[in-house]
Amino acid sequence: MNFRPTKLSGCFILEPKIINDSRGYFMESFNEQTFQNGTGQKVHFVQDNQSFSTKGVLRGLHYQTGDHAQAKLVRVLQGEVLDVAVDIRPESETYGQYVAEKLSAENQKQMFVPRGFAHGFVVLSETATFFYKCDNFYNKESEGGIIYNDPVLHINWQLNQEELLVSEKDSVLPTLEFAKKVW
């Protein structure tokens, strides 16, 4: 597995080694020891989540606060998404900056989103199945979010506004300036 650091400290793109033959392919999607060696971070995942969405569905930007903050290892099992991580760590040199990466069933890339980041994605293909591991359990009272079209973040979601399908809950999230603090 190749671990490519992003411009945001602690956030990585993981590119697996895929072994292809006439029968199909094999890859190791996660190995705790390899992960810890590649990221330099000791993370123990405790929960897996999966969603299915159609083209234009935008989920995010979400995070958990305080003792319930979560790191995530995300990937796409079917289809293609634009995956986005936003650094919301108050003391970070890259606070308010984001990285975006196309993740797909074809490229098998994964993104590691550490604690202290907001996360979201938009489906670029007709449908997509999105899968992610979390290192902490979900806690409703610790939910935080940032509006996807925050004018300061200025995220390029690669689809026109009319194509985006955003839940009512996500469409009324605050801007980064007024969002619940992560710590």
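The values are calculated or read from the model by the stated rules, or taken from the named source; none is laboratory data. Worth saying up front: this structure is predicted, and the values here are computed from it rather than measured. Cβ placement follows ideal geometry from the backbone for every residue including glycine, while neighbour counts extend to all protein chains displayed.
Overview of values
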read-out	value
Cβ pairs under 9 Å, 6+ apart, first in the stretch 6-31 and free of Cβ contacts under 8 Å to residues at least 24 places away in the same chain, second surrounded by 13 or more Cβ atoms within 10 Å (Cβ to Cβ)	K17/M1; Y25/Q108
Where T129 falls short, out of the listed (1) without any contact (Cβ under 8 Å) to a residue 40 or more places away in the chain; (2) surrounded by 14 or more Cβ atoms within 10 Å (Cβ to Cβ); (3) not aliphatic (A, V, I, L, M)	(1)
Complete set of residues in the stretch 132-183 that are closer than 16 Å to G56 by Cβ, among the acidic types (D, E) and surrounded by 16 or more Cβ atoms within 10 Å (Cβ to Cβ)	D170
Any pair with Cβ under 6 angstrom, 6 or more apart, that starts in the stretch 48-69 at a residue that is at positive phi and ends at one that is among the small types (G, A, S) and surrounded by fewer than 19 Cβ atoms within 10 Å (Cβ to Cβ)	G66/S142
Criterion violated by S22 - all others in (1) among the hydroxyl-bearing types (S, T, Y); (2) surrounded by 12 or more Cβ atoms within 10 Å (Cβ to Cβ); (3) out of contact with any strand residue (DSSP E or B) (no Cβ under 7 Å at 6 or more places or on another chain) satisfied	(2)
Tally of residues being at pLDDT below 95 and among the small types (G, A, S) across the stretch 1-28	1
Flag for Q70 being surrounded by 14 or more Cβ atoms within 10 Å (Cβ to Cβ) and in contact with an Asp or Glu (Cβ under 9 Å, 6 or more places away or on another chain)	yes
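Quick grid of which residues meet (1) at pLDDT 95 or above; (2) part of a loop (DSSP other than H, G, I, E, B):
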| position | (1), (2) |
| --- | --- |
| G144 | yes, no |
| I147 | yes, yes |
| D150 | yes, yes |
| L153 | yes, yes |
| L159 | yes, yes |
| E162 | yes, no |
| D170 | yes, no |
| L173 | yes, yes |
| K180 | no, yes |
